[in-house]
1. Run the simple label-point estimate for Leu108 and Val91 please: 7 Å along Cα→C-beta, distance reported in nm.
2. Can you tell which of Gly156, Gly80, Gly64 shows the greatest fluctuation in a Gaussian network model of the chain with Cα springs below 10 Å?
3. Solvent-accessible area of Ser61, probe 1.4 Å, all protein chains present, reported in Å² to the nearest ten, please.
4. Quick check: the angle from helix 152-172's long axis to the longest principal axis of the chain, C-alpha only, nearest 10 degrees?
5. With a 10 Å cut-off between alpha carbons and a GNM built on the chain, which of Trp118, Trp136, Trp75 moves the most?
6. For Leu104, tell me the accessible area in Å² from a 1.4 Å probe, rounded to the nearest 10.
7. Mind putting a number on the dipole of the chain about its Cα centre? Charges go on the C-beta only, +1 for Lys and Arg and -1 for Asp and Glu, and I need it in Debye to the nearest 20.
8. Could you work out the relative contact order of region 101-163? I mean the mean sequence separation of Cα pairs under 8 Å and 6+ apart, divided by the number of residues, in percent.
Amino acid sequence: MSGAASKGGLLPAPAPLPLRMAREALALLRRLVDLVLLLLLAAMVLLVLAQVIFRYGFNHSIAGADEAATFAQIWMVLLGAGYAMRQRLHVSIELVIERLLERLARLLLVPVAGLCLWFLWVVLQGGLLLMQVGAWQTSPALQLPMNIPYAMLPVGAAYFALEAALAFGAAILGREKVATGGGVRVD
(Lines give C-alpha, C1' and ligand atoms only; values in the text may rest on other atoms or scores of the structure.)
Protein backbone atom coordinates (compact mmCIF):
# COMPACT_ATOMS: atom_id res chain seq x y z
CA MET A 1 0.00 0.00 0.00
CA SER A 2 1.54 3.26 -1.03
CA GLY A 3 0.71 5.96 1.46
CA ALA A 4 -0.72 3.13 3.56
CA ALA A 5 -3.19 3.99 6.23
CA SER A 6 -2.23 3.08 9.76
CA LYS A 7 -5.00 3.26 12.36
CA GLY A 8 -6.88 5.81 10.33
CA GLY A 9 -3.91 8.01 9.43
CA LEU A 10 -1.05 8.07 6.98
CA LEU A 11 2.29 6.54 7.85
CA PRO A 12 4.96 9.14 8.42
CA ALA A 13 7.46 9.60 5.64
CA PRO A 14 10.70 7.74 6.24
CA ALA A 15 13.48 9.84 7.72
CA PRO A 16 16.10 11.11 5.28
CA LEU A 17 19.24 8.98 4.96
CA PRO A 18 21.59 11.36 6.85
CA LEU A 19 19.17 11.46 9.79
CA ARG A 20 18.82 7.67 9.81
CA MET A 21 22.62 7.32 9.70
CA ALA A 22 23.02 9.80 12.57
CA ARG A 23 20.45 7.90 14.65
CA GLU A 24 22.21 4.60 13.96
CA ALA A 25 25.61 6.11 14.81
CA LEU A 26 24.18 7.51 18.05
CA ALA A 27 22.64 4.14 18.95
CA LEU A 28 25.97 2.42 18.22
CA LEU A 29 27.88 4.97 20.31
CA ARG A 30 25.44 4.52 23.20
CA ARG A 31 25.79 0.71 23.06
CA LEU A 32 29.58 1.11 23.03
CA VAL A 33 29.46 3.45 26.05
CA ASP A 34 27.20 1.00 27.89
CA LEU A 35 29.61 -1.86 27.16
CA VAL A 36 32.68 0.14 28.21
CA LEU A 37 30.96 1.17 31.45
CA LEU A 38 30.12 -2.45 32.23
CA LEU A 39 33.68 -3.57 31.47
CA LEU A 40 35.14 -0.81 33.63
CA LEU A 41 32.86 -1.72 36.53
CA ALA A 42 33.73 -5.41 36.19
CA ALA A 43 37.45 -4.64 36.03
CA MET A 44 37.26 -2.39 39.07
CA VAL A 45 35.33 -4.95 41.13
CA LEU A 46 37.60 -7.84 40.11
CA LEU A 47 40.79 -5.87 40.76
CA VAL A 48 39.68 -4.76 44.21
CA LEU A 49 38.39 -8.24 45.08
CA ALA A 50 41.64 -9.87 43.94
CA GLN A 51 43.69 -7.33 45.88
CA VAL A 52 41.69 -7.99 49.07
CA ILE A 53 41.93 -11.79 48.68
CA PHE A 54 45.65 -11.74 47.97
CA ARG A 55 46.47 -9.17 50.65
CA TYR A 56 44.51 -10.75 53.50
CA GLY A 57 44.42 -14.36 52.33
CA PHE A 58 47.99 -14.80 51.11
CA ASN A 59 49.75 -11.78 52.68
CA HIS A 60 50.78 -10.66 49.20
CA SER A 61 49.88 -7.45 47.39
CA ILE A 62 49.20 -7.32 43.64
CA ALA A 63 51.36 -4.54 42.23
CA GLY A 64 49.27 -1.98 40.39
CA ALA A 65 45.85 -3.45 41.20
CA ASP A 66 44.75 -0.47 43.25
CA GLU A 67 46.09 1.96 40.66
CA ALA A 68 44.33 0.14 37.81
CA ALA A 69 41.09 0.06 39.84
CA THR A 70 41.42 3.79 40.49
CA PHE A 71 41.92 4.51 36.78
CA ALA A 72 38.91 2.33 35.94
CA GLN A 73 36.82 4.20 38.49
CA ILE A 74 37.86 7.59 37.12
CA TRP A 75 37.06 6.52 33.57
CA MET A 76 33.74 5.07 34.73
CA VAL A 77 32.71 8.25 36.56
CA LEU A 78 33.64 10.62 33.75
CA LEU A 79 32.05 8.50 31.02
CA GLY A 80 29.11 7.76 33.30
CA ALA A 81 28.26 11.46 33.51
CA GLY A 82 27.13 11.35 29.87
CA TYR A 83 25.22 8.14 30.55
CA ALA A 84 23.51 9.82 33.50
CA MET A 85 22.55 12.73 31.25
CA ARG A 86 21.00 10.30 28.77
CA GLN A 87 19.02 8.57 31.54
CA ARG A 88 17.91 11.85 33.21
CA LEU A 89 19.80 11.01 36.41
CA HIS A 90 21.50 14.35 37.00
CA VAL A 91 20.13 16.55 39.72
CA SER A 92 18.21 19.50 38.39
CA ILE A 93 16.46 22.39 40.07
CA GLU A 94 13.17 22.90 38.29
CA LEU A 95 11.34 25.10 40.77
CA VAL A 96 11.59 28.20 38.57
CA ILE A 97 11.14 26.38 35.25
CA GLU A 98 7.96 24.62 36.43
CA ARG A 99 6.34 27.94 37.35
CA LEU A 100 7.02 29.60 33.99
CA LEU A 101 4.94 29.46 30.85
CA GLU A 102 6.24 26.66 28.64
CA ARG A 103 7.50 29.02 25.94
CA LEU A 104 9.38 31.15 28.47
CA ALA A 105 10.80 28.02 30.15
CA ARG A 106 12.14 26.82 26.80
CA LEU A 107 13.69 30.23 26.23
CA LEU A 108 15.35 30.07 29.66
CA LEU A 109 16.90 26.71 28.75
CA VAL A 110 18.92 28.34 25.94
CA PRO A 111 21.40 30.16 28.22
CA VAL A 112 21.39 27.22 30.66
CA ALA A 113 22.35 24.87 27.83
CA GLY A 114 24.93 27.36 26.61
CA LEU A 115 26.58 27.58 30.03
CA CYS A 116 26.62 23.79 30.44
CA LEU A 117 28.13 23.25 27.00
CA TRP A 118 30.67 26.03 27.58
CA PHE A 119 31.76 24.36 30.84
CA LEU A 120 32.14 21.01 29.07
CA TRP A 121 34.18 22.73 26.34
CA VAL A 122 36.52 24.13 29.02
CA VAL A 123 36.86 20.66 30.56
CA LEU A 124 37.60 19.17 27.13
CA GLN A 125 40.28 21.77 26.40
CA GLY A 126 41.81 21.38 29.87
CA GLY A 127 41.83 17.61 29.42
CA LEU A 128 43.69 17.93 26.13
CA LEU A 129 46.30 20.15 27.80
CA LEU A 130 46.61 17.72 30.70
CA MET A 131 47.14 14.88 28.22
CA GLN A 132 50.09 16.76 26.75
CA VAL A 133 51.64 17.07 30.20
CA GLY A 134 50.78 13.46 30.98
CA ALA A 135 52.68 12.22 27.95
CA TRP A 136 55.88 13.01 29.88
CA GLN A 137 54.79 11.28 33.08
CA THR A 138 54.21 7.65 34.00
CA SER A 139 51.98 6.18 36.65
CA PRO A 140 53.87 4.91 39.72
CA ALA A 141 52.81 1.25 39.75
CA LEU A 142 51.73 0.39 36.20
CA GLN A 143 54.26 2.66 34.46
CA LEU A 144 51.55 3.77 32.02
CA PRO A 145 51.92 7.12 30.30
CA MET A 146 49.60 9.39 32.25
CA ASN A 147 48.01 10.71 29.07
CA ILE A 148 46.06 7.42 28.96
CA PRO A 149 44.14 8.01 32.21
CA TYR A 150 43.97 11.75 31.48
CA ALA A 151 42.36 11.03 28.09
CA MET A 152 39.09 10.40 29.88
CA LEU A 153 38.65 14.10 30.59
CA PRO A 154 38.20 15.13 26.95
CA VAL A 155 36.45 11.87 26.03
CA GLY A 156 34.03 12.11 28.96
CA ALA A 157 33.40 15.82 28.38
CA ALA A 158 32.73 15.26 24.67
CA TYR A 159 30.27 12.44 25.34
CA PHE A 160 28.56 14.40 28.12
CA ALA A 161 28.30 17.42 25.78
CA LEU A 162 26.70 15.27 23.08
CA GLU A 163 24.08 13.88 25.46
CA ALA A 164 23.50 17.34 27.00
CA ALA A 165 23.06 18.94 23.56
CA LEU A 166 20.55 16.25 22.59
CA ALA A 167 18.63 16.58 25.85
CA PHE A 168 18.57 20.39 25.93
CA GLY A 169 17.85 20.54 22.21
CA ALA A 170 14.85 18.23 22.57
CA ALA A 171 13.44 20.40 25.36
CA ILE A 172 14.17 23.71 23.64
CA LEU A 173 12.62 22.53 20.36
CA GLY A 174 9.52 21.21 22.08
CA ARG A 175 10.13 17.50 21.52
CA GLU A 176 10.27 16.86 25.28
CA LYS A 177 8.72 18.51 28.29
CA VAL A 178 10.88 21.21 29.81
CA ALA A 179 10.44 20.05 33.40
CA THR A 180 10.33 16.28 33.72
CA GLY A 181 11.57 15.58 37.20
CA GLY A 182 15.31 15.12 36.85
CA GLY A 183 16.14 16.35 33.40
CA VAL A 184 15.01 15.38 29.93
CA ARG A 185 15.22 12.13 27.98
CA VAL A 186 15.63 11.89 24.22
CA ASP A 187 14.97 8.16 23.68
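The values are calculated or read from the model by the stated rules, or taken from the named source; none is laboratory data. What you are looking at is a predicted structure, and each value in this text was computed from that prediction instead of being measured. For neighbour counting, all protein chains shown are included, and Cβ atoms are generated from backbone atoms with ideal geometry for every residue, glycine included. Only protein heavy atoms, including side chains, enter the accessible area calculation; ligands, DNA and RNA are left aside. Shrake-Rupley method; radii C 1.70, N 1.55, O 1.52, S 1.80 Å.
1. Spacing of the two 7 Å Cα→Cβ label points: 1.9 nm.
2. Most flexible of the set in this elastic network: Gly64.
3. Number for this one is 60 Å².
4. 20
5. Highest fluctuation among the options: Trp136.
6. 90
7. On the way: 14 positive and 10 negative charges, 122 e Å.
Once rounded to the nearest 20, the dipole reads 580 debye.
8. Details: 54 pairs, mean separation 21.9, N = 63.
Relative contact order of region 101-163: 35 percent.
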